[in-house]
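J.: So that we are looking at the same thing, I have put the structure below in C-alpha coordinates.
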Amino acid sequence: MQKKVLFVCVENAGRSQMAEGFFRKYAPVGYEPQSAGTRPVDTVNPLAIAVMSEIGIDISNHQSKVISDSMIKQSARIVNMGCMDKESCPAIFVQNVLDWGIPDPKGKPLDEVRKIRDLIEKKVIDLCKALE
(Lines give C-alpha, C1' and ligand atoms only; values in the text may rest on other atoms or scores of the structure.)
Protein backbone atom coordinates (compact mmCIF):
# COMPACT_ATOMS: atom_id res chain seq x y z
CA MET A 1 0.00 0.00 0.00
CA GLN A 2 1.36 3.39 -1.03
CA LYS A 3 1.81 6.05 1.63
CA LYS A 4 0.15 9.30 0.62
CA VAL A 5 1.51 12.80 1.00
CA LEU A 6 -1.21 15.44 0.80
CA PHE A 7 -0.40 18.96 -0.44
CA VAL A 8 -3.06 21.50 0.51
CA CYS A 9 -3.88 25.13 -0.16
CA VAL A 10 -7.08 27.12 -0.50
CA GLU A 11 -7.88 26.86 -4.22
CA ASN A 12 -5.80 23.78 -5.15
CA ALA A 13 -4.94 25.57 -8.39
CA GLY A 14 -1.25 26.52 -8.20
CA ARG A 15 1.16 25.69 -5.38
CA SER A 16 -0.35 22.40 -4.30
CA GLN A 17 -0.72 21.27 -7.92
CA MET A 18 2.95 22.05 -8.63
CA ALA A 19 3.97 20.24 -5.44
CA GLU A 20 1.94 17.20 -6.48
CA GLY A 21 3.72 17.22 -9.86
CA PHE A 22 7.17 17.49 -8.28
CA PHE A 23 6.43 14.83 -5.67
CA ARG A 24 5.29 12.44 -8.39
CA LYS A 25 8.72 12.96 -10.02
CA TYR A 26 10.91 12.76 -6.90
CA ALA A 27 8.92 10.59 -4.47
CA PRO A 28 10.73 7.76 -2.73
CA VAL A 29 9.46 4.25 -3.44
CA GLY A 30 6.21 3.56 -1.63
CA TYR A 31 4.89 7.13 -1.66
CA GLU A 32 2.36 8.89 -3.86
CA PRO A 33 1.11 12.48 -3.89
CA GLN A 34 -2.32 13.99 -3.78
CA SER A 35 -3.44 17.59 -3.52
CA ALA A 36 -6.61 19.35 -2.46
CA GLY A 37 -8.00 22.66 -1.24
CA THR A 38 -10.59 24.08 1.12
CA ARG A 39 -12.21 26.12 -1.68
CA PRO A 40 -11.12 24.52 -4.98
CA VAL A 41 -11.64 26.40 -8.23
CA ASP A 42 -12.69 25.18 -11.66
CA THR A 43 -9.28 25.15 -13.33
CA VAL A 44 -5.62 24.86 -12.47
CA ASN A 45 -3.72 28.15 -12.87
CA PRO A 46 -2.55 28.32 -16.53
CA LEU A 47 0.76 29.89 -15.46
CA ALA A 48 1.39 26.99 -13.06
CA ILE A 49 0.76 24.59 -15.94
CA ALA A 50 3.08 26.63 -18.20
CA VAL A 51 6.03 26.86 -15.79
CA MET A 52 5.82 23.16 -14.96
CA SER A 53 5.70 22.33 -18.66
CA GLU A 54 8.90 24.36 -19.16
CA ILE A 55 10.74 21.80 -17.02
CA GLY A 56 9.05 18.72 -18.45
CA ILE A 57 6.31 18.11 -15.86
CA ASP A 58 2.77 17.97 -17.22
CA ILE A 59 0.05 19.01 -14.77
CA SER A 60 -2.41 20.05 -17.48
CA ASN A 61 -4.77 17.17 -16.67
CA HIS A 62 -4.85 17.90 -12.93
CA GLN A 63 -8.18 18.89 -11.41
CA SER A 64 -8.78 20.99 -8.30
CA LYS A 65 -10.28 18.87 -5.53
CA VAL A 66 -11.89 19.61 -2.19
CA ILE A 67 -10.01 18.29 0.84
CA SER A 68 -11.87 15.46 2.56
CA ASP A 69 -11.64 13.67 5.90
CA SER A 70 -10.62 10.47 4.11
CA MET A 71 -7.74 12.27 2.35
CA ILE A 72 -6.54 13.58 5.69
CA LYS A 73 -6.85 10.20 7.44
CA GLN A 74 -5.10 8.34 4.61
CA SER A 75 -2.13 10.71 4.49
CA ALA A 76 1.21 9.84 6.05
CA ARG A 77 2.20 13.51 5.74
CA ILE A 78 0.24 16.71 5.11
CA VAL A 79 1.89 19.85 3.73
CA ASN A 80 0.15 23.22 3.81
CA MET A 81 1.56 25.33 0.99
CA GLY A 82 0.85 28.66 2.70
CA CYS A 83 -2.22 30.79 3.26
CA MET A 84 -3.23 34.22 2.16
CA ASP A 85 -6.91 33.62 3.04
CA LYS A 86 -6.82 32.90 6.78
CA GLU A 87 -10.51 31.90 7.02
CA SER A 88 -10.06 29.09 4.47
CA CYS A 89 -6.51 28.09 5.39
CA PRO A 90 -6.24 24.28 5.48
CA ALA A 91 -3.92 24.50 8.51
CA ILE A 92 -6.94 25.66 10.56
CA PHE A 93 -8.79 22.41 9.83
CA VAL A 94 -5.95 19.89 9.83
CA GLN A 95 -3.70 18.92 12.73
CA ASN A 96 0.01 18.05 12.52
CA VAL A 97 0.65 19.96 9.30
CA LEU A 98 3.99 20.96 7.84
CA ASP A 99 3.50 24.61 6.75
CA TRP A 100 5.79 25.82 3.96
CA GLY A 101 4.54 29.43 3.76
CA ILE A 102 4.96 29.65 -0.03
CA PRO A 103 3.51 32.74 -1.76
CA ASP A 104 0.41 32.25 -3.89
CA PRO A 105 1.22 32.43 -7.64
CA LYS A 106 -2.29 33.70 -8.44
CA GLY A 107 -2.08 37.02 -10.27
CA LYS A 108 1.72 37.04 -10.29
CA PRO A 109 3.84 37.63 -13.43
CA LEU A 110 5.48 34.66 -15.14
CA ASP A 111 8.95 35.32 -13.64
CA GLU A 112 7.49 35.29 -10.10
CA VAL A 113 5.61 32.06 -10.79
CA ARG A 114 8.90 30.51 -11.95
CA LYS A 115 10.55 31.53 -8.64
CA ILE A 116 7.64 30.00 -6.71
CA ARG A 117 7.95 26.81 -8.81
CA ASP A 118 11.67 26.58 -8.04
CA LEU A 119 11.05 27.10 -4.31
CA ILE A 120 8.41 24.34 -4.35
CA GLU A 121 10.80 22.01 -6.15
CA LYS A 122 13.50 22.57 -3.52
CA LYS A 123 11.06 21.96 -0.67
CA VAL A 124 9.68 18.80 -2.30
CA ILE A 125 13.19 17.42 -2.84
CA ASP A 126 14.03 18.12 0.82
CA LEU A 127 10.80 16.41 1.91
CA CYS A 128 11.55 13.37 -0.25
CA LYS A 129 15.04 13.07 1.30
CA ALA A 130 13.48 13.19 4.78
CA LEU A 131 11.02 10.43 3.88
CA GLU A 132 13.65 7.99 2.56
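J.: With a cut-off of 11 Å, note down the residues of the stretch 9-30 whose backbone N falls inside the zone around a label point 7 Å from the Cα of Leu131 toward its beta carbon.
T.: 20-30
J.: Using a Gaussian network model of the chain whose springs link C-alpha atoms within less than 10 Å, name the residue from Val44, Val66, Val29 with the highest mean-square fluctuation.
T.: Val29
J.: What FRET efficiency comes out for Leu110 versus Thr43 if R0 is 22 angstrom and r is the Cβ-Cβ distance? Round to the nearest 0.05.
T.: With R0 = 22 Å, the Cβ-Cβ based efficiency is 0.80.
J.: What percentages make up the Cα-Cα pair-distance distribution of the chain when the bins are 10 Å wide from 0?
T.: Spelled out bin by bin, the chain gives 14, 50, 33, 4, 0 percent.
J.: Note down the accessible area of Arg114, probe 1.4 Å, to the nearest 10 Å².
T.: 70
J.: Hey, another quick one. Quick check for you: with a 1.4 Å probe and neighbouring chains kept, what is the accessible area per residue of the chain, in Å²?
T.: 52
J.: Keeping all protein chains in place and using 1.4 angstrom, which order do Glu54, Glu20, Glu132 fall into by accessible surface area, from largest down?
T.: Glu132, Glu54, Glu20
J.: How many percent of the accessible area of the chain is carbon or sulfur, using a 1.4 Å probe?
T.: 51
The values are calculated or read from the model by the stated rules, or taken from the named source; none is laboratory data. Every value quoted in this text rests on a predicted model; they were computed, and no experiment measured them. Reconstructed Cβ throughout: ideal geometry from the backbone, glycine too, with neighbour counts over all protein chains shown. Ligands, DNA and RNA are stripped out before the accessible areas are found, and what is left, the full protein with its side chains, is counted by its heavy atoms. Shrake-Rupley method; radii C 1.70, N 1.55, O 1.52, S 1.80 Å.
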